[in-house]
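Let me begin by presenting the structure, written as structure tokens, before commenting on it.
Rule-based calculations on the coordinates, nothing more; no lab input. The shown structure was predicted, so the numbers you read here are calculated from the model rather than taken from an experiment. Neighbour counts run over all protein chains shown; Cβ positions are idealised from the backbone, glycine included.
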Amino acid sequence: MVNTGRFVILVLAYRFLVPILSAEPDHATRESYVVYMGSPSAGGGGGLEAVQADHLQMLSPVVPSGGQGRAALTQSYHHAFEGFAAALTEKEAAALSGHERVVSVFKDRALQLHTTRSWDFLEVQSGLQSGRLGRRASGDVIIGIIDTGVWPESPSFDDAGMREVPARWRGVCMEGPDFNKSSCNKKLIGARYYGVQPESSSNASRAGEAAAAAAGSPRDTVGHGTHTASTAAGAVVADAGYYGLARGAAKGGAPASRVAVYRACSLGGCSSSAVLKAIDDAVADGVDVVSISIGMSSAFQSDFLSDPIALGAFHAHQRGVLVVCSGGNDGPNPYTVVNSAPWILTVAASSIDRSFQSSIVLGNGAVVKGVAINFSNHSLSGGQYPLVFGAQAAARYAPLSEASNCYPGSLDARKVAGKIVVCVSTDPMVSRRVKKLVAEGNGARGLVLIADAEKDVPFVAGGFALSQVGTDAGAQILEYINSTKNPTAVILPTEDADDFKPAPVVASFSARGPGMTESILKPDLMAPGVSILAATVPSAERDDVPPGKKPSAYAIRSGTSMACPHVAGAAAFVKSAHPGWTPSLIRSALMTTATTTNNLGKPVASSTGAAATGHDMGAGEISPLRALSPGLVFDTGAQDYLNFLCYYGYKEQQVRRVSGDARFSCPAGAPSPDLIAAGVNYPSISVPCLRRGRPATVVRTAINVGPSNATYAAGVEAPPGVAVRVSPDRLVFSRRWTTARYEVTFGVAAGAGVGKGYAHGAVTWSDGAHSVRTPFAVNVL
């Protein structure tokens, strides 16, 4: 029999629960979203309170009542662009995306951190002396650093001898429990922090960082932001170094410039909404250049109108602020470069003429030169240590392939303790740091790593004896082990070798092009990013402190994160000499004067040994001194970028909201990605589709910023099988600031057996005193 009473209760319960269960959960499903609304409305908005009220009004029909709207709103943007960040459900975000004032809505993703002698090296490579040209620079340029904050006590931020803060500065020095207004000075003129951090940071951050984030402070606890800020504009600090290595005067690219820091990041990364807010504030504060050493993973890139850095950078450019970004560390594979919007100056990383060598002395007297930074206590007089290959010291049941790669748990501590272990790196899943921890944890006295990958980037091993060699040198070591009954070795502490050749070389980790659109050549240029000495947070480097030493105030780091502030500093240097130049003119000057030869006088090479192309290094290595007098420049204006968005495929209504001009209309022929290369006046050229029998023509307009009555002649570096014609091949300028238009036509040469794929070359204009080089890449189909 059916229990009718129980049945009725179940039916009533079901009717009661269905609306609850079918409704979208509120608190459990809320995530942070960014709502982007384009340029601010003309003359509108008012102050922050009025803007927040407007944004809350937009939220009120979407977010349930009862004060939830105000709780949901986390950021409001109203200076350079309009929008807000809010905690929303997926349905609420979808509802807002249909609002007539909204351009795009996207999740608040976590962005990644792209983690001395370099400036001297750049000066030597330029062939010029800084004294004469440097006198033209002033100290009123302001660089905004969006990163992990700053360690204000570093001598790199000393303001001795600096003039008063420029009157146009509108920023603030936010206080916190460990950061006072007195932490700012005439060098470090502003500091802000943002409370929204990516969720992943809670697992990765250190205790000190968590406390700083909770309390709210611009203070850096990671070291990344301090390093980038001092690289861009650090004061000259005599006798800086890293435990005796890289000793010399540390300085930024624009040591007379001012620094404003925006702490939007933690060790775990940076939230999109905080980065957007930092860009918005930086523009309103009055910075001239913004340096951003962060970005999305190349595997998860967003379109331009859902990319927080691209959106913020566009509106910064509208307001006359140059945004410089790192290109990412996912190289050397192609199509890995990020921050590739055409209004962003995208930077690749290179080596300098300094190497950190750690020699391995074998028991037979042979010396094998390796690369690493270690401060071990090994010495020739202290005796040698037994040498064992990882596969010979495999733990029970561990595959020999894992033991030879120093997998965690693969080594037998009894066979490793007190010895130097040799490991290979045939499995990229096990990083150098993990291998070091495995060897160290098993009681090894040292580690020899055999790997060609990353050999150009010295690993910092602290007090542990470690050295990395290539496969050829590694074969010599393994042969010695196999031919000797009791092989021994010693790993000597690191010594720095200056005037290393060849340099520069494109770093192995540096992300390669093409970018999101193959119609714009990316990266734009290259700068030092390998083993860069700059200021840090002393406590942040605690794991690498040699025994008996105090934490260093300076650290050696590598990454496009380090290359980016080099270019930001160079841009500030050019801006100081030419205060009226727009962001695109400064970028053009840096690109067209970049160098493409190394200190041997040969073409710059990639980390693979092949000649570097535009997809590796962009226009080449920056030459800040040459950029002060480029001869010709290319002005890429807001109209170019708006046309780009139209050609790329965005709807006219979306682009109109981005522009802030109700009268804007897309050009004829849009959307058409093939028209991007011809329609954007960029200081480089990329033709993504060059078909046989169908020539492609690109138009460029140059501005003379050199002497009057100048005549420039065109020279072409044409790759084999590609015909390149420049018309006209001579440009005549009667005076400064006059323009000249020319066309470059590309075709597949008749009868040529050119293969498919990208070919690289350049068009160089010369008047005898200036060389204006514009690289090109053409994809032959």
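Its residue count N fixes a reference of 2.2 N^0.38 Å for the range 367-483, and the Cα radius of gyration divided by that reference is 0.96. For the range 233-365, the extents of the C-alpha atoms along the principal axes are 63, 38, 25 Å, listed from largest to smallest.
To the nearest whole percent, what portion of all C-alpha pairs in the range 495-598 is separated by more than 18 angstrom? Show your work: numbers first, answer last.
Working: 3385 of 5356 pairs.
Considering the range 495-598, 63 percent of its Cα-Cα pairs are separated by more than 18 Å.
With a cut-off of 11 Å between beta carbons, the residues surrounding residue 39 carry a summed charge of +1, where Lys and Arg count +1 and Asp and Glu -1.
Between residue 48 and residue 452, the C-beta separation translates, for a Förster distance of 45 Å, into a calculated FRET efficiency of about 0.25. Lacking any other cysteine beta-carbon closer than 4.7 Å, the following Cys residues of the chain have no compatible partner: 325, 564, 689. Of the residues 55, 536, 423, the one whose Cα sits farthest toward the positive end of the charge dipole of the chain, with +1 on the Cβ of Lys and Arg and -1 on the Cβ of Asp and Glu, is 423.
Could you tell me the ratio Rg/Rh of the range 536-593? Both radii from Cα atoms, Rh via Kirkwood.
Details: Rg = 17.5 Å, Rh = 14.1 Å.
With Rh from the inverse mean 1/r over Cα pairs, Rg/Rh is 1.24.
Note on the range 624-781: Cα-Cα pairs beyond 29 Å make up 28% of the total pair count. Residue-wise HN-Hα couplings along the range 602-609, as the Karplus relation 6.51 cos²θ - 1.76 cosθ + 1.60 with θ = phi - 60° gives them from phi, are 10, x, 4, 9, 7, 5, 7, x Hz; Gly and Pro carry x.
Determine the calculated [θ] at 222 nm for the chain from helices alone, applying -39500 (n - 2.57) to every DSSP H run no shorter than 4 residues and normalising by the residue count; nearest 500 deg cm²/dmol.
Working: 22 runs with 198 residues, N = 781.
After summing the helix terms and dividing by the residues of the chain, the value is -7000 deg cm²/dmol.
Each listed q (0.17, 0.18 Å⁻¹) maps to a log10 I(q)/I(0) for the range 293-445, found by the Debye formula over equal Cα scatterers with no solvent: -0.98, -1.04. Each distinct pair of alpha carbons in the range 336-388 adds a 1/r term; the inverse of their mean, the Kirkwood radius, is 15.3 Å.
A simple count of charges around residue 393, restricted to other residues whose Cβ falls under 15 Å of its Cβ and scoring Lys, Arg +1 and Asp, Glu -1, yields +3. Between residue 238 and residue 697, the simple spin-label model (points 7 angstrom out along Cα→Cβ) gives 6.2 nm.
Mind jotting down the distance between the C-alpha centroids of the range 261-298 and the range 484-553, whole Å? For the range 484-553 versus the range 261-298, the Cα centre distance is 24 Å.
Each residue of the range 249-259 was assigned a 3J(HN,Hα) from its phi angle through the Karplus expression (A = 6.51, B = -1.76, C = 1.60, θ = phi - 60°), giving 7, 8, 7, x, x, 10, x, 8, 7, 9, 10 Hz with x at Gly and Pro.
Dipole magnitude for the chain: about 540 debye, using +1 per Lys or Arg Cβ and -1 per Asp or Glu Cβ, origin at the Cα centre.
Of the residues 260, 381, 39, the one whose Cα sits farthest toward the positive end of the charge dipole of the chain, with +1 on the Cβ of Lys and Arg and -1 on the Cβ of Asp and Glu, is 381.
As a calculated quantity, the FRET efficiency between residue 608 and residue 401 at R0 = 22 Å, using C-beta atoms, amounts to about 0.30. Measuring r between the beta carbons of residue 377 and residue 182 and using R0 = 45 Å, the FRET efficiency lands at 0.60. Residue 608 sits among other residues whose Cβ lies under 14 Å from its own Cβ, and their net charge, with Lys and Arg +1 and Asp and Glu -1, is -2.
For the chain, build the convex hull from the C-alpha positions and give me its volume per residue in Å³.
On the way: hull volume 177.5 nm³, N = 781.
Output value, Cα hull per residue: 227 Å³.
Our summary gives the range 210-308 a relative contact order of 20 percent, counting only alpha carbon pairs under 8 angstrom and 6 or more residues apart.
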